[in-house]
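In what follows, a structure is listed as structure tokens, so that the remarks can point back to it.
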Amino acid sequence: MSARQRTFTLVLALATIGALATGCDSTQEPTVTKEEAVQRVAARAEEAVQHLPPGATLKQTLQQDDLACDDQDRDGARFVETNYQVVYPEGWPVDQSMTTLSDYWNANGYEVVRDDRDDANHPELVVEKKADGFRIGYLISRRDNGAADVFLRSSSPCFQP
Amino acid sequence: MSGGLTLQVLWDTSADAIAARAAAWSAMAEDIDNAAEDVIRGTREIEDVWPSGPAAEAATKRAAELRAEVSNAYNPCRRIGLALREHADTVRALQESLRNVTTSASQQGFDVDIAAGTVTAPQHMYTETTSPHLVAQSVSAYVGQLQGILDRAAESDDRTANLITINLPDPKTGFGSLSLQPVSRQNVLDQKGRPPKDVAAWWDTLTPEQQEQAIADYPELVGWLDGVPATDRDTANRISLDRSLADLQGKVNALDSREAYLKAMADQGRLGEVYPDSANPVGSMYAELDGIEEQREAAAGPLAGANAIKNRLDDPGKPPALLMGFDPAGDGKAIVSVGDPDTADNVVTYVPGTTADLPGFGTDLNRADTMASDAAQYGTGGSTAAIVWLGYDAPDAIPNATSASYAEDGAPALRTFQEGLRATHDGSASHNTIIGHSYGSTTVGYAAKDGHLAADDLIFVGSPGVGVDSAQDLHIDGNAGNVYASTAKNDVIAGAGLDDNMIHGENPDNPGFGGRQFTSADGSFWHPIDTHSQYWDQGNPSRKNIAYIVTGQGDQVS
């Protein structure tokens, strides 16, 4: 393709972007405040751990409560995400925990966003609460040394803070 | 020194024992370095808090001597450690050569006497051949090889002994208590443009006291010097950051004060005193207020970016981060690493694209945090440092992104930065990845197109093209199979071309490009701009794939 053709096609794209940037691309944000979003993200993680086999606790590894929804920060929309490690005692049924949690989510208004439960080294399930768009994921990470680390990742959809 | 060195001595020498002593010297050097920093930081305020009197003068003098003494001890210890380590490696290699020669000679039927250092042929070898001179030639060749091994061993032995001797402390004066000459601005300026490995070598020749002085006196230079260790750059850049914050906040405060003053004078009907030469003092006030507002807005962006960096560096709830570059001029430049790249097993450098600048740096910082966290979750157990590299002037707006000039201008800086990571990394080489998003991918592509880019893997997400039409044309430590790309189905950037011909070259997320593709979530057809920014969102498979590549598990991507 010549440089002229490339420029032409980019201009077409820019025209699209320009139209979208005027408002056509605005996302439907739920009506939550930042504090509510942070709280609900934490509550969803707690809810999940309550339905894991007994003995597991959560250790927060990263909390991000000011994530921009787009690079250009057009309308100031934000989302929050918190990562946790699931700390469990020796002998805890790691493999069974995935099934237990997925059964709970399936029966309680969550729908699957990504299902990688068949992955041998990193079985993972990400679901979304249909009612409000908040997401949560459960990951089992099998390390080279034979250990299995377990993580929960809970996040909100975009909202206007 | 090596007069008594024989092949038998070489054969019996324990290279591991030498390596263990090398490690001990290096560890001692590191302890001295840490102690030197403690002494320097703990004593340099003496003059300020205890300014006068004979006791104060004596304390200041003694503190200066102590700083110099402990600083002067560092480099000799480090050099002895390095010399011993090199000698251990040499001995190991020569022992291997010796084994190979003796095995070969024995298999050919010759008698090898290591203790005597001789190779002889049994008499029958001469009598059973029609060419006895060839037997003699073989003997001579083996002897020559053995002599070569012995010569190299002696040379290494002499060199190491000499290095130890010249670096040992004087029995009377120790390592001395005189401070070495301060590092001048010109000394630092002379390093700019040199290969980072040479800069690293120069930095290592400085005593801890000289390094501290260079950092304190020229933070804006040392902070951007590729080849200086990340922790030292961090110290320098935090000084620059604090100064910039004070400067920017001072400007805003001065503007606020002036505005309040003008309004107060207006309320009191005294504007004539403020503008004695003006025929229209009220008009003059409004003109000045407009100017104040403009200046305040100009300062607000850099101030927001600097504060975002400061808050991230000081956040105890997140992993430690290092400030590897900071410059508030223009759109601003900054480099922040989540984790220490000089000690990490994996290092990922994230290059943001169009609209990236200092005021919006918080968004890029968050992505670095996300990638470090993802690497910890999906990795094999090693550590990962995630760097956001805004060491170039990115296009301010989408129309500017049609020009390749931003990428061309940024490419050399990215190349030397990556070389610097290699030069300052401790121990074995880390697995280094560069990820370019949007126009950032174009910058990465130009860096790998026009020179060698020190990275094992490249990742392009949401790319408008990378300056070449084939992965084969990108020069990295890996090959075309180490070039990965993904563009979401509904990413608006997909419209920046016709078929797979993008504005800056062939679409890297296309089989014809010759790299490897990985999956990202499609995104919403109705929200293509949002989709362009969603590669780090929860549930997007791109996050998992990026983490796999960053942690050296590229074979796992899907």
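Coordinate-derived values only; no laboratory data. Because the structure is predicted, anything quoted here is derived from the model rather than measured. Cβ coordinates were reconstructed from backbone atoms using ideal geometry, including for glycine residues, and neighbour counts include every protein chain displayed.
Averaged over its residues, how many other protein chain Cβ atoms are within 10 Å of peptide B:526-537's Cβ atoms?
Other-chain Cβ atoms within 10 Å of each residue's Cβ, averaged: 6.
Rounded to the nearest 20 Debye, what is the dipole magnitude of chain B about its Cα centre when Lys and Arg each give +1 and Asp and Glu each give -1 at the C-beta?
The calculation lands at about 820 debye.
Show the residues, 5+ positions off or on another chain, whose built amide H is closer than 5 Å to the amide H of A:VAL32.
A:GLN160
Dividing the Cα radius of gyration by the Kirkwood radius, what Rg/Rh value follows for chain B?
Ratio value, two decimals: 1.11.
Taking +1 at the Cβ of each Lys and Arg and -1 at the Cβ of each Asp and Glu, which of B:GLY497, B:THR165, A:ALA147 sits farthest along the dipole of the protein assembly as shown towards its positive end, judged by Cα position relative to the Cα centre?
Of the candidates, B:THR165 comes out farthest on the positive side.
Mind putting together the pair-distance distribution for the range B:1-133? All Cα pairs, 10 Å bins, whole percent per bin, short to long.
The distribution over the range B:1-133 is 11, 22, 18, 15, 12, 9, 6, 4, 2, 1, given as percents.
How many Cβ atoms of partner chains, on average, are near each residue of A:106-119 if near means within 10 Å of its Cβ?
Other-chain Cβ atoms within 10 Å of each residue's Cβ, averaged: 1.
Expressed as a whole number of Å, what is the distance separating the alpha-carbon centroids of the range B:327-357 and the range B:399-417?
Measuring centre to centre over Cα atoms gives 15 Å.
With the cut-off at 1.5 for a/c, could you classify the range B:89-150 from its C-alpha gyration tensor as rounded, prolate or oblate?
Verdict is prolate for the range B:89-150.
Across every pair of different alpha-carbon atoms, what Kirkwood hydrodynamic radius in Å does the range B:448-558 reach?
Over the range B:448-558, the inverse of the mean reciprocal pair distance is 14.0 Å.
When the chain is fully extended, how far beyond the present Cα-Cα distance does B:ARG258 get from B:LEU189, taking 0.36 nm per residue of separation?
20.9 nm
What list of ³J(HN,Hα) values in whole Hz, one per residue of the range A:150-161 in order, does the Karplus curve 6.51 cos²θ - 1.76 cosθ + 1.60 (θ = phi - 60°) give from phi, with Gly and Pro shown as x?
3J(HN,Hα) across the range A:150-161, in whole Hz: 10, 10, 10, 10, 10, 8, 9, x, 5, 8, 8, x.
Rank by packing, highest mean first: peptides B:479-487, B:271-279, B:438-446, B:401-409, with packing defined as the count of other Cβ atoms within 10 Å averaged across residues.
The densest-packed peptide leads the list: B:438-446, B:479-487, B:401-409, B:271-279.
Using the charge dipole of the range A:31-155 (Lys, Arg: +1 at Cβ; Asp, Glu: -1 at Cβ; taken about the Cα centre), state which of A:GLY133, A:GLN50, A:ALA68 has its Cα farthest towards the positive end.
Sorting the options by dipole projection puts first A:GLN50.
How would you classify the range B:484-543 from its alpha-carbon gyration tensor, with a ≥ b ≥ c the square roots of the eigenvalues: rounded for a/c under 1.5, else prolate if a/b is greater than b/c, otherwise oblate?
In terms of gyration-tensor shape, oblate.
Quick one: check the C-alpha center-to-center distance for the range B:502-558 versus the range B:173-189, whole angstrom.
51
Take every Cα-Cα pair in the range B:330-556 and report what % of them are more than 32 Å apart.
Tail of the P(r) past 32 Å holds 8 percent of the pairs.
Let me know the shape class of the range B:283-354, please: from the alpha-carbon gyration tensor, a ≥ b ≥ c as square roots of the eigenvalues, rounded when a/c is under 1.5, otherwise prolate if a/b is greater than b/c, or oblate.
Prolate, since a/c reaches 1.5 and a/b exceeds b/c.
Report the label-to-label distance for B:GLU155 and B:HIS133 in nanometres (one decimal), using points 7 Å from each Cα along the Cα→Cβ vector.
3.1
Can you compute log10 of I(q)/I(0) for the range A:31-155 with the Debye formula, treating each Cα as one identical point scatterer, at q = 0.13 Å⁻¹?
The Cα Debye sum returns log10 ratios of -0.54.
When 1/r is averaged over all different Cα pairs and the result inverted, which Kirkwood radius in Å belongs to the range B:184-317?
Its Kirkwood hydrodynamic radius stands at 18.2 Å.
With +1 on each Lys and Arg Cβ and -1 on each Asp and Glu Cβ, and nothing else charged, work out how big the dipole of the range A:31-155 is about its Cα centre, in Debye to the nearest 20.
220
Treating the angle as unsigned and between 0 and 90°, give the value, to the nearest 10°, between the Cα long axis of helix B:230-267 and the longest Cα principal axis of chain B.
Rounded to the nearest ten degrees, it is 10.
Counting Lys and Arg as +1 and Asp and Glu as -1, each charge on the Cβ, what is the dipole of the protein assembly as shown about the Cα centre in debye, to the nearest 20?
600
Per residue of the range B:542-550, what does 6.51 cos²θ - 1.76 cosθ + 1.60 with θ = phi - 60° give for ³J(HN,Hα)? Whole Hz please, x for Gly and Pro, Karplus curve as stated.
4, 4, 5, 5, 4, 4, 4, 5, 4
Could you work out Rg/(2.2 N^0.38 Å) for the protein assembly as shown, with Rg from alpha carbons only?
Relative to the 2.2 N^0.38 Å estimate, the protein assembly as shown comes out at 1.19.
Based on the mean of other Cβ atoms within 10 Å per residue, sort peptides B:82-92, B:327-337, B:540-550 so the most packed one is first.
Packing order, densest peptide first, comes out as B:540-550, B:327-337, B:82-92.
Looking at this model, which pairs from B:LYS251/B:LYS310; B:LYS310/B:LYS544; B:LYS197/B:LYS318; A:LYS59/B:LYS318 are more than 20 angstrom apart at the alpha-carbon?
Long pairs (Cα-Cα over 20 Å): B:LYS310/B:LYS544; B:LYS197/B:LYS318.
Could you state the number of Å between the C-alpha centres of the range B:195-274 and the range A:33-102?
38
Can you compute 3J(HN,Hα) from phi for each residue in the range B:273-290, using the Karplus curve 6.51 cos²θ - 1.76 cosθ + 1.60 with θ = phi - 60°, rounded to whole Hz and x for Gly and Pro?
6, 6, 10, x, 9, 8, 6, 9, x, 5, x, 4, 5, 5, 5, 5, 4, 4
Between B:VAL347 and residues 5 or more places away or on another chain, which pairs have amide H atoms under 5 Å apart, with H built 1.01 Å from N, and which residues are they?
B:ALA385, B:HIS431, B:ASN432, B:THR433
Kindly provide the helix-only [θ] at 222 nm of the protein assembly as shown, computed as the sum of -39,500 (n - 2.57) over DSSP H runs of four or more divided by all residues, to the nearest 500 deg cm²/dmol?
Mean residue ellipticity, 222 nm, calculated: -16500 deg cm²/dmol.
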